[in-house]
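The values are calculated or read from the model by the stated rules, or taken from the named source; none is laboratory data. As the structure is a computational prediction, the values presented were derived from the model and not from experiment. We place every Cβ from the backbone using ideal geometry, glycine too, and count neighbours over all the protein chains shown.
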Amino acid sequence: MKKDIEQQQKTETRKPAEPQNFFGEKKEILNSIDVEDKIELERRDAYIEPETRDLLRCLLQEGDKTEILPLYSPGLGFVYQLSCSKLIKNETGHLSIECLENLVKLDILKKSFFDSVSTCPNCESTIMTLHNRCPKCKSHNVEKTSLTEHIPCGYIDQRDKYIKDRCPKCGDPLIEGQYRNMGRWYVCQECGEKFENPEFDLICRSCNKSFTIKDAKVTEIPKFSLNLARKKEIRQNVASLENIRELLVDLGFEVEIPGLATGQKSGMEHHFSLIAKKQIKGHEIIIALDHAISESEVQASPLILYIYKTSEVKVDIPVFVAMPVLSETAKKIAQGHEILLIEGSADEKESVENIKRQIQSRIETKLTEYETANKKPESKPKNNFIGKLTGFGKK
């Protein structure tokens, strides 16, 4: 009896299943993608960023052994740069360290040891000044000098006390072989203390914090290089997207990389690899393209996300590029969405021409649809049957 009551309570509290939209919410789609797929999506998004795309193109041109080395700049600390003239840099004229570190996280670049330096324990700045300190009164007012001994009379004092090269004690001139330098020496101008080895303070010029060398933080300064294990993927991403961009420009489109569009229902900002727009016969034709690359085949996750995004914004010609191929499951999902699927690299002339022909065909089809939709219905012809009857039998 007790079990029956519990079962009845469960039945009463169970909510009826709500109908699910094919796309669902973007958050649900992203949650269904495993960690590895999410990293692939982030890597794909990184490839279309202008700074990343130009950096990778430059590294590919310079060769496999090219490294992005740190340079020390007074007032800035360690900075990174490459000589490539087309490279997009930040406002300081250098590569963004945040961008480089992110590309390492995405396995596009490799990071390795270059050097280690002392940095501020408070703000980690490398912009510091070193100060001698008196071990007795802790003053920085320390003068560095040398000691000289006048051997005949045994007098020892700072070298600058021997005015006109004469001994301050006996007055005899300093003759070669009758005096010797006793090394470097430090004199505190505050308390008069003389010492051979001073103590040291560091002052950070970024946050003005003072600290000892022992308290300084040791920070590794890395260098960066292309991850050669992903060289093929990198080349395909950089070259293919650039080739498609040039193709669309040749067709008269205005191209944005990356392309941004706001969802009509959600109000969310959607990122595409590329968005191209062109006015043709009074109609704006919009192309939205995403591309994904995998070692063997591109799975459904990036395609599902692309379909969701195109359902949110106005797109006349949806284009999805998969390299080397799209999985069979993904192809089945793509059916019925009128997506122009492009498989394989777009860096060969024949491939580019084929894509061009398909886009032109899609443009013509879309224009025909617009013209058909906007065409006014033709007025029906007047019925001449009555007139014919009226004149029936006339000669």
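A few comments on the model shown:
- Residue match in the range 134-150 (condition: in the same structural domain as TYR179 (by TED's automatic domain parsing), touching a residue at least 40 places away in the same chain (Cβ under 8 Å), of a type in the set (Ser, Thr, Tyr) and in contact with a Cys (Cβ under 9 Å, 6 or more places away or on another chain)): yes
- The numbered conditions (1) surrounded by 11 or more Cβ atoms within 10 Å (Cβ to Cβ); (2) in a loop (DSSP other than H, G, I, E, B) are all true for GLY171 except (1).
- Among the residues listed as GLN279, GLN264, the single one being closer than 30 Å to GLU364 by Cα and at pLDDT below 90: GLN264
Residues are listed down the side, and each one gets a yes or a no for (1) at pLDDT below 85; (2) closer than 19 Å to ARG43 by Cβ; (3) surrounded by 23 or more Cβ atoms within 10 Å (Cβ to Cβ); (4) within 22 Å of the chain's Cα centre (by Cα):
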position: ASP290; (1), (2), (3), (4): no, yes, yes, yes
position: ALA300; (1), (2), (3), (4): no, yes, no, no
position: LEU303; (1), (2), (3), (4): no, yes, yes, no
position: GLU312; (1), (2), (3), (4): no, no, no, no
position: VAL319; (1), (2), (3), (4): no, no, yes, no
position: LEU326; (1), (2), (3), (4): no, yes, yes, no
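- Residue count for the range 328-351, restricted to those that are at pLDDT below 80 and either touching a Gly at 6+ places or on another chain (Cβ under 7 Å) or surrounded by fewer than 18 Cβ atoms within 10 Å (Cβ to Cβ) (or both): 6.
- Applying a threshold of 9 Å to beta carbon distances and a minimum spacing of six or more residues, or different chains, the list of pairs starting in the range 67-83 at a residue that is under 17 Å from CYS99 (Cβ atoms) and ending at one that is loosely packed, with under 13 Cβ neighbours inside 10 Å and aliphatic (A, V, I, L, M) reads PHE78/LEU71; VAL79/LEU71; TYR80/LEU71; GLN81/LEU71.
- Spans of strands (runs of 3 or more DSSP E) in the range 65-124 with at least 2 residues modelled with pLDDT of 95 or more and not assigned by TED's automatic domain parsing to the domain that holds LEU202: 109-119
- Meeting the requirement of 3 or more residues that are among the aliphatic types (A, V, I, L, M), surrounded by 15 or more Cβ atoms within 10 Å (Cβ to Cβ) and touching an Asp or Glu at 6+ places or on another chain (Cβ under 8 Å), the strands (runs of 3 or more DSSP E) wholly within the range 230-281 are 274-280.
- Residue match in the range 181-192 (condition: of a type in the set (Val, Ile, Thr), surrounded by fewer than 16 Cβ atoms within 10 Å (Cβ to Cβ) and in the same structural domain as GLN158 (by TED's automatic domain parsing)): no
- Condition check for GLU149: among the acidic types (Asp, Glu), more than 30 Å from LEU71 (Cβ to Cβ), in contact with a Lys or Arg (Cβ under 7 Å, 6 or more places away or on another chain) and not in a helix (DSSP H, G or I): yes
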